[in-house]
Amino acid sequence: MTIPGARRLPAAFLALTAGIASSAVASSPATAATLPASALPTAAVPAATAVSFSSVVPAPVQASPAAGVTHLITAGTTIYVQPGSAAAADIGGYLAAILRRSTGFPLPVADAPSPNPADGISLLLSGAPATVGTEGYQLDIASGAIALHANQPAGLFAGVQTLRQLLPPEIESGTVQPGPWPVPGGQIVDYPRFSHRGAMLDVARHFFPVATVERYIDEIVLYKVNVLHVHLSDDQGWRIAINSWPNLALYGGSTAVGGDPGGYYTQAEYQQIVAYAAARYVTIVPEIDMPGHTNAALASYAELNCSGVAPPLYTGTDVGFSSLCVGKELTYTFIDQVIGELAALTPGPYIHIGGDEASSTTAADYATFINRAQQIVAAHGKSVIGWHDVVNATPLPSTVAQFWGTTTRNAAVAAAAANGTKIVMSPANHTYLDMKYNARTVLGQSWAGFIDVKDAYNWDPGDYLAGVTEASVLGVEAPLWTETIRTLADIEYMAFPRLPAIAELGWSPTSTHNLTAFKQRLGAQGPRWHVMGVNYYHSRQVSWPAGS
Ligand code: TNX
């Protein structure tokens, strides 16, 4: 599909993916001590080349720049990590892999010699204030050393993303760049507002290979997104191999919207995605949509249909016509086996059971079905997330409802929240990445309206739905449905620059909310996406720097 105004993808396109190093504290052969003097920096770098603290997305809780102070990453820089922590060593390896590609420096990863190293970049699991919690961090940048302190590895990983954004955009290059590599001095103390900061990718309407999902994970973690919800089944395709029901993937996965090629993940491939995500502090939430959105399953097994007759495979984009047979006991055996296999492959706490748009199921049947599905998920040791329609059943205390409406009032959701149900906020008119930016956008749909940057950013997840207070909100999620989305370039075009807006709403405190400042922060990402080969939409609502 041709996208007007879209960037062509530079050669660095596929070179982006930085590997997480193995847990060994890897040391590259050349250390600062063994480098020739000529490899060490000689000239002072003008501070003006350093990025500003006000360019970081999501906006940090507290950022105190130190005027005139700059730290220079050089060929002599060592990345120190918390001794005895395999996780810290892995994060050190991850940071080193990103920085080595563009700097060409050896950047050895070594155990920190003391709790306060006087040089290098230290990733330490000590010295962070308790207030930053499990995902927050404190970043201190002085001319002599950079120290990142966190209470947990997730906080180090988040802090590393901030550090990346404080380096010049060329740091994201897949090839060696001339530098220099200044980091602005000062202190950042930072932690998230919400624990659930999600993106969703629909791999059912169109299938995307493992490499595309991994690339998307690499892109979203830059904005501290920590959940990837994968919509694994729908009317148009079933995308995960289930050993006890093999035709689901083999037949139900064989096509896609418009008759495009299908595909599915083997269980090993799904586990590869889960592991790739976990190494980047992202929890995978797998979704098997039910009882509606099930034509691919119904086409694969005649016995799942109330009529006993399998419908043909479906490649259109209508919704709401299919349903599992609520009155058949086999339906629950089916769900039990599918969820059992999926739960065994999924370390995260949630299984998403969809539950949306079950328009060909009566209200009573819907409640019966969802209540049984909840019990089945619980029996496999997981909690349910469902689209907010599930509040029309009887949510278990652990069930989370994902709001996808377009209004600020929903009595049933408000009542569930008052009753203890936690809510993930995905209002379609603000967070749906498949909505067009405007009438000229070729990709996407417009049933929930056009969504440009201002629409994605200007709402408050903690004070949006009448009767749903911040305490009931688990977080936010930006879904990308893929009826019209066929390639990685399409995914990127719809996600950027809107996904970082949703990510900021999930992370940053309301005190930092400011559209004018956000347009500048977001604009600063443009040169990074250019270097990374991310195919982003040049929204006119963003203050892009010249040349991005
Ligand atoms: C509604 S949101 C759907 C999806 C479609 C999407 C297209 C939701 C829970 N269901 O099935 O893909 O709209 O924007």
Margin query: Over the range 478-548, what portion of Cα pair distances is larger than 13 Å, expressed as a whole percent?
Written below: 67 percent
Next item on the list: Let me know the charge dipole size of the chain about its Cα centre in debye, to the nearest 20, where only the beta-carbon of Lys, Arg (+1) and Asp, Glu (-1) is charged.
Entry: 1120 debye
Note to self: If I take the Cα coordinates of the range 328-410 and project them onto the principal axes, what are the three extents in Å, biggest first?
What the structure shows: 37, 30, 18
Check: By the scheme Lys and Arg +1, Asp and Glu -1, what is the net charge of all other residues having a beta-carbon under 14 Å from that of Asn247?
Finding: 0
Note to self: Charges on Cβ only, +1 for Lys and Arg, -1 for Asp and Glu, centred on the Cα centroid of the range 188-252; of Val189, Ile240, Ile220, which one is farthest towards the dipole's positive end?
What the structure shows: Val189
Check: At each listed q (0.13 Å⁻¹), what is the log10 of I(q)/I(0) that the Debye formula gives for the chain modelled as equal alpha-carbon point scatterers?
Finding: -1.29
Checklist line | log10 of Debye I(q)/I(0), alpha-carbon scatterers only, for the range 401-475 at 0.14, 0.19, 0.28 Å⁻¹ | finding: -0.45, -0.73, -1.23
Checklist line | For the range 254-301, the spread of Cα positions along each principal axis, largest first, Å | finding: 36, 25, 19
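Determine by what factor the alpha-carbon radius of gyration of the range 321-365 differs from 2.2 N^0.38 Å, reporting the quotient. Show your work: numbers first, answer last.
Numbers: Rg = 12.5 Å, N = 45, 2.2 N^0.38 = 9.3 Å.
That works out to 1.33 for the range 321-365.
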Note to self: Treating only the Cα positions of the range 352-496 as identical point scatterers, give the base-10 log of I(q)/I(0) from the Debye formula at each q in 0.10 Å⁻¹.
What the structure shows: -0.37
Notebook entry, point to check: What is the Å³ per residue value for the convex hull set by the Cα atoms of the range 44-134?
Noted result: 140 Å³
Next item on the list: Kindly express, to the nearest 10 degrees and within the range 0 to 90, the angle between helix 329-345's C-alpha long axis and the longest C-alpha principal axis of the chain.
Entry: 10 degrees
Checklist line | Count of Lys pairs (Cα-Cα under 28 Å; at least 8 positions apart or interchain) in the chain | finding: 11
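In deg cm²/dmol, rounded to 500, what helix-only [θ] at 222 nm does the chain give when every DSSP H run of at least 4 residues adds -39500 (n - 2.57) and the total is split over its residues? Before the final figure, lay out the partial values.
Numbers: 15 runs with 151 residues, N = 548.
Result for the chain: -8000 deg cm²/dmol, rounded to the nearest 500.
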Margin query: So, for the chain, what is the accessible surface per residue at a probe of 1.4 Å, expressed in square angstrom?
Written below: 34 Å²
Notebook entry, point to check: Kirkwood-based Rg over Rh for the range 174-214 (C-alpha set), two decimals?
Noted result: 1.19
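With both partners inside the chain, how many of the DSSP beta bridges are antiparallel, as a percent to the nearest 5? It would help to have the intermediate numbers written out before the result.
On the way: 20 of 64 bridges.
Antiparallel: roughly 30 percent of the beta bridges in the chain.
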Note to self: Along the Cα→Cβ direction, 7 angstrom out, place labels at Ser543 and Thr333. What is the inter-label distance in nm?
What the structure shows: 6.5 nm
Check: Using r as the Cβ-Cβ distance of Phe321 and Leu515, and R0 as 35 Å, what FRET efficiency do you calculate, to the nearest 0.05?
Finding: 0.30
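In the chain, what percent of the accessible surface is made up of carbon and sulfur (1.4 Å probe, ligands and nucleic acids excluded)? Working shown, then result.
Working: 10560 of 18790 Å².
With neighbouring chains kept in place, the figure for the chain is 56 percent.
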Margin query: For the ranges 327-336, 491-500, 460-469, what's the packing order if you count other beta-carbon atoms within 10 Å of each residue, average per peptide, and put the highest first?
Written below: 491-500, 460-469, 327-336
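Looking at the range 117-247, I'd like the Rg to Rh ratio, where Rg is from alpha-carbon atoms and Rh is Kirkwood's inverse mean 1/r. Can you show the working numbers first?
Working: Rg = 19.1 Å, Rh = 17.3 Å.
Ratio of gyration radius to Kirkwood radius: 1.11.
The values are calculated or read from the model by the stated rules, or taken from the named source; none is laboratory data. Predicted model, so just to flag it, every value in this text is computed and none were measured. So basically every Cβ, Gly included, is an ideal-geometry build from the backbone, and we count neighbours across all protein chains shown. With ligands, DNA and RNA removed, areas are computed over all heavy atoms of the protein, side chains included. Shrake-Rupley method; radii C 1.70, N 1.55, O 1.52, S 1.80 Å.
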